[in-house]
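Working notes, beginning with the structure itself.
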Amino acid sequence: MMKKYFGVSVSLFLVLLVWACSSDTDEGVDPPPTAPTFNRVTLLTNWADNIIIPSYQSFTDTFATFETSFQIFSQERTQGNFDAVRSAWEAAYRSWQHVSMFEIGPAEQNGLRLNVNTFPADVLLIEDQIAGGTYDFTLSSTRDSKGFAALDYLFNGPEDALASFTNATTGDGRITYTSDVILDIGTRVNEVLAAWESQFRDSFIASDGSSSTSSVDRMTNDYIFYFERFLRAGKMGIPAGVFTGEVAPNTLEAFYQEGLGNALFQEGLDAVQDFFNGVRFNGGANDVGFDDYLRTITGGDELAQSINNQMNMARTEVNALDSFLSEIENNDPPVAMLEAYGEVQRLVPLIKTDMFSLLSIDVDFVDADGD
Amino acid sequence: MHKLKLFSQEPVEAAPLAVFRILFGILMLWSMLRFWSYGWIEKLYIAPKFHFSFYGFEWVKPLGLWTYGLFFVCGLSAILITLGFKYRLAMLTFFLSFTYIELMDKTTYLNHYYFVSILSFLLLFLPANAYFSLDAKYDKSKRFKYVPKWNIDVLKLLLALVYIYAGLAKLNSDWLLQAMPLKIWLASKTDVPLMGSLMGKAWVPYVFSWFGALYDLTIPFLLLYKPTRWLAFFLVAVFHIMTSVLFNIGMFPYIMIFSTLIFFDAGFHHKLLDFLSKTFRWDTSVFDAKATLREKHNTLTILKYGIVSLFFAVQLLLPWRYLTYPGELFWTEEGYRFSWRVMLMEKAGYAQFKIVNKASGKWFYVDNSEFLTPFQEKQMAFQPDFILEYAHFLRDHFAKEGQDTIEIYVESYVTLNGRRSTEFIDPKVNLLEQRESFKHKKWVRPFKDDIKGI
């Protein structure tokens, strides 16, 4: 009796098992989407080799040009040389927007984003440090006295910036300070690039799993974190008073060069969209990105399109604005800027909720059990 | 006693109960140590500035650094349960401390924590220390080789309830016809050992979904029925190990695997106990004095039967309470918890709170990360009761900052089982005018789709 039933159950189970393993034909079940299994290695390789490393290389090149132009200026402090410095600095600042989001691995260890681009700059601290001649850029307390924001102040802040460098008594101190700020940025980014090129690239690609510590999950979290906190809030939301109800123009990125903040936002948004679509940094060919990953999942194609449409919409709205500074200072509340911010904001649920959900990526590394 | 036939007095061996007690104690101790060693006490109960409470249990809050003491007490009582020393007191302590821990913040709510809570409550009434325990060793009056059959049956009943309700909850169109959410979850699991290469295949989530539902609905019967018992246990092991490989579900698989041992005959449990006593060289002959526990006909026993009956009545009815609410259960989650709805939803949301100053008309958005941990924010964003509680917390916070005449609105989007996110809460409703209650929350936007089934 017992044997009989046991036999029946075992054979039932086996039938189930055989059915489960053999129905690998496409009939009867949903047709598989275009690419049934998405190869995360391809995605990670494109990110590393065609986007992240080339972006860093481009940044270090642009930054080297700026460094050279500053050296020339420090030898010969003419208006012409100063203009060259300022435009090289602006090019480097724009280029920075294409690497800022990659706060992963070596950049994360370095604390690169906070060290290179904390704003607003602490003007009093900068002047104190220049006057005193002593400062330690390895301390986190000096972050708002260095980086691009400090350079913005040094080049554009004072009524007559050039005169502050040519001043017979204080000019040399200012030159030294500025070149130390430049050195700090350059050293850090070069270290990060070297780490990517030497070994981090390989370990980044090798970590191709789906756990919360694997590269795709972490990069995706870093991506939305950058978008929410630095692009959306840092460049627009905080200055427009979205989180306090009070406008704060002094918290604008590139505060001392009116209008540059808008351009930096656009650069950041371009970088974010290119990363989403997997566009190669050099040449701009469309390679594997989040959009392709999404397309392997039901409903993902439509979502990828919506995200791209929304990014374009946000770009158009922000493009139509006056300089952020005048938007904020001439309107209370700054309605047009808040509306443009609203379009940027609409991307957050699309990415953080819909995209994360479809790709089965946990928001932040929530280290706890589920059921 | 005839009128209470439900509580069968037929004497059966107490050994299965003893094994159950020992394994329960060990697993609970392991759970506590695991929780502690992962740093979760600090992370989940001490670090957050704010904790989400269960309705009616707002007074249950973490105890600061004393929270460690709470976990210590809980772990200690688990040791005493394993040893069967001062069993009732230990079990009571365990039940209270464990339940307190679970009530501290509903962010961490898991069905299996709820299962442990109610199981430990039930165990309070069972003589799990009658056999193979220190209590029984030192006190002859507590030593019994046989106990009334109902004491073991209730454990089987509770397990059967959990499985069957979990199975019934899967009988919906998302699970069976769309293979959601498994379709989403499995697609990313191409890196798991052995099964990884299967995970990208379109038919796999359907097989898993149907097999999972079938498994839940039939496993109690396969376990009860002797000829299929070993097969059933094999399936239990395969099923739960598979889920533990695929998903981040902590101790739950092990708790279920070991719990189902209660379905086996006493002979099996004796073998386990013999193995234990040989390994540790314990003289266990004292337990085999063949005494039988007979329940006295007194008020206390009647009271016990009453409580246990009520317990099961509640367990039987609670999962159906969602029927009293309008709208889609998965969307509103009204009546979702405490009902063995496990792994049914891939749900995520985004909630942005707008604080409006009535007097000046000025407004601003809240940076949630200022008040909530990422885990809390994630859980809050798709559960209406969390959203409401958080809004009231924000009122208290900003009132302190002098913004006393404020209104709070939320702009929120939720995605459920792969559907595009849609507006979740009516953004025109001032959340400060709403109160938490068991009533339907009218300010939750209706679900835009239709999920058919139970």
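The values are calculated or read from the model by the stated rules, or taken from the named source; none is laboratory data. Owing to the predicted nature of the structure, the values given are computational and were not obtained by experimental measurement. So basically every Cβ, Gly included, is an ideal-geometry build from the backbone, and we count neighbours across all protein chains shown. Note: accessible area is taken over every heavy atom of the protein model, side chains too, but ligands, DNA and RNA are not part of it. Shrake-Rupley method; radii C 1.70, N 1.55, O 1.52, S 1.80 Å.
General remarks:
- Screening B:Tyr390 on (1) more than 9 Å from every other protein chain (Cβ to nearest Cβ); (2) surrounded by fewer than 21 Cβ atoms within 10 Å (Cβ to Cβ); (3) out of contact with any Pro (no Cβ under 9 Å at 6 or more places or on another chain); (4) not in a loop (DSSP other than H, G, I, E, B) shows it passes everything except condition (2).
- Residue check, B:Ser37 within 30 Å of B:His297 (Cα to Cα) and surrounded by fewer than 17 Cβ atoms within 10 Å (Cβ to Cβ): no
- Residue among B:Asp283, B:Asp367 that alone is among the acidic types (Asp, Glu), farther than 30 Å from B:Ala18 by Cα and free of Cβ contacts under 8 Å to residues at least 24 places away in the same chain: B:Asp367
- Pick from the stretch B:417-432, criterion closer than 20 Å to B:His392 by Cα and not in a helix (DSSP H, G or I), ranking: most open to solvent (accessible area, probe 1.4 Å): B:Lys428
- With respect to (1) more than 22 Å from B:Gly418 (Cβ to Cβ); (2) in a helix (DSSP H, G or I); (3) modelled with pLDDT under 95; (4) facing chain A (nearest Cβ under 10 Å), the lone exception for B:Ser244 is condition (4).
- The helices (runs of 4 or more DSSP H) found entirely in the stretch A:258-371 that carry 2 or more residues being out of contact with any helix residue (DSSP H, G or I) (no Cβ under 7 Å at 6 or more places or on another chain) and away from chain B (no Cβ under 14 Å) are A:260-277, A:300-319, A:324-330.
- All positions within the stretch A:167-223 that are among the polar types (S, T, N, Q), open to solvent by less than 20 Å² (accessible area, probe 1.4 Å) and within 24 Å of A:Glu127 (Cβ to Cβ): A:Thr178
- Among the candidates B:Arg435, B:Arg445, residue that is closer than 30 Å to A:Glu302 by Cα, open to solvent by 50 Å² or more (accessible area, probe 1.4 Å) and either among the basic types (Lys, Arg) or in contact with an Asp or Glu (Cβ under 7 Å, 6 or more places away or on another chain) (or both): B:Arg445
- Cβ-Cβ contacts under 6 Å between residues 6 or more apart (or on different chains), taken from a first residue in the stretch A:271-299 that is closer than 19 Å to A:Ser55 by Cβ to a second residue that is open to solvent by 40 Å² or more (accessible area, probe 1.4 Å) and outside any loop (DSSP other than H, G, I, E, B), are listed as A:Asn277/A:Asn286; A:Val279/A:Asn286; A:Val288/A:Thr42.
- Among the residues making up the stretch A:236-261, those that are farther than 19 Å from B:Asn357 by Cα, open to solvent by less than 20 Å² (accessible area, probe 1.4 Å) and not hydrophobic (A, V, I, L, M, F, W, C) are A:Pro239, A:Glu253, A:Gly261.
- Residue match in the stretch B:267-287 (condition: open to solvent by 30 Å² or more (accessible area, probe 1.4 Å), within 14 Å of chain A (Cβ to nearest Cβ) and in a helix (DSSP H, G or I)): no
- Test for A:Glu246: is it out of contact with any strand residue (DSSP E or B) (no Cβ under 9 Å at 6 or more places or on another chain) and without any contact (Cβ under 8 Å) to a residue 12 or more places away in the chain: no
- If the condition is being assigned to a helix (DSSP H, G or I) and under 15 Å from B:Phe211 (Cα atoms), then the stretch B:155-172 contributes B:Tyr163, B:Ile164, B:Ala166, B:Gly167, B:Leu168, B:Ala169.
- All positions within the stretch A:214-255 that are within 11 Å of chain B (Cβ to nearest Cβ) and outside any helix (DSSP H, G or I): A:Ser214, A:Ile238, A:Ala240, A:Gly241, A:Val242, A:Phe243, A:Thr244, A:Gly245, A:Glu246, A:Val247
- Filter result for A:Glu191 (assigned to a helix (DSSP H, G or I) and either modelled with pLDDT under 95 or closer than 20 Å to A:Ala107 by Cα (or both)): yes
- Residue count for the stretch B:327-367, restricted to those that are open to solvent by 20 Å² or more (accessible area, probe 1.4 Å), assigned to a loop (DSSP other than H, G, I, E, B) and facing chain A (nearest Cβ under 9 Å): 6
- Residue satisfying condition, being within 16 Å of B:Arg88 (Cβ to Cβ), in the same structural domain as B:Ser53 (by TED's automatic domain parsing) and of a type in the set (D, E, K, R), within set B:Asp105, B:Asp153, B:Asp135: B:Asp135
- Residues located in the stretch A:329-364, provided they are buried (at least 22 other Cβ atoms within 10 Å of the Cβ) and over 30 Å from B:Arg419 (Cβ atoms): A:Pro334, A:Met337
- Of the numbered criteria (1) within 14 Å of chain A (Cβ to nearest Cβ); (2) surrounded by 22 or more Cβ atoms within 10 Å (Cβ to Cβ); (3) among the hydrophobic types (A, V, I, L, M, F, W, C), the one B:Leu110 fails is (2).
- When residues of the stretch B:191-205 are limited to those that are open to solvent by less than 40 Å² (accessible area, probe 1.4 Å) and at the interface with chain A (Cβ under 7 Å from one of its Cβ atoms), the one modelled with the highest pLDDT: B:Trp203
- Residue within the stretch B:67-81 that is crowded, with 20+ Cβ neighbours inside 10 Å and either assigned to a loop (DSSP other than H, G, I, E, B) or of a type in the set (Ser, Thr, Tyr) (or both) present: yes
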